[in-house]
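Worksheet for the structure shown next.
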Amino acid sequence: MDMEELAVINTYKDMNKIAYYIIMYLTGQIDKERLMKNVKEPTLDAPPARREELPELGELMKELYDLIDNEAWAHVADHMQEIQNYIVEKIGENDVFG
């Protein structure tokens, strides 16, 4: 597995974490400060492999952080789908979901 594939698979895992914290926030289990703290690492503080190998994906993740911060939930869902589509396009559906 090369660095690009590893970055993409790790991003897919990060997306699950982000979705989890969004649900926790929307159901009142955590406050906004904790939400933003927990989504900052996988979005803004991207691992070097993502920044170096996939700058476009890094930009998509930064945009996702801004959408979450602005509580633009419909746009967050669309943007998360766009990121998932990017992941599948990069390494193939079977490699991500298989």
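Any read-out appearing in this document is the output of simple, stated calculations on the displayed coordinates, not a laboratory observation. Because the structure is predicted, anything quoted here is derived from the model rather than measured. We place every Cβ from the backbone using ideal geometry, glycine too, and count neighbours over all the protein chains shown.
Summary of values
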{"quantity": "Fluctuation leader among LEU67, LEU26, LEU57 - the chain, Gaussian network, Cα springs under 10 angstrom", "calculated": "LEU26"}
{"quantity": "Pairs of lysines in the chain (C-alpha under 16 Å apart; 8 or more residues apart or interchain)", "calculated": "9"}
{"quantity": "Acute angle (nearest 10 degrees) that the helix 3-26 long axis makes with the longest principal axis of the chain, alpha-carbon atoms", "calculated": "20"}
{"quantity": "Degrees between helix 73-91 axis and first principal axis of the chain (Cα, 0 to 90, nearest 10)", "calculated": "10"}
{"quantity": "Spatial separation of Cα centroids for the stretch 25-52 and the stretch 1-22, in angstrom", "calculated": "12"}
{"quantity": "Candidates GLU53, GLU33, GLU71, ranked by Gaussian network fluctuation over the chain, Cα under 10 Å, top entry", "calculated": "GLU33"}
{"quantity": "Over the chain: helical MRE at 222 nm, DSSP H runs n ≥ 4 each giving -39500 (n - 2.57), nearest 500", "calculated": "-26500 deg cm²/dmol"}
{"quantity": "Net charge of Cβ neighbours under 14 Å - reference GLU56; Lys, Arg +1; Asp, Glu -1", "calculated": "-3"}
{"quantity": "Spacing of the two label points (7 Å from each Cα toward its C-beta) at ASN70 and ASP31, in nm", "calculated": "2.5"}
{"quantity": "Between 0 and 90°, nearest 10: helix 55-69 axis offset from the chain longest Cα axis", "calculated": "10"}
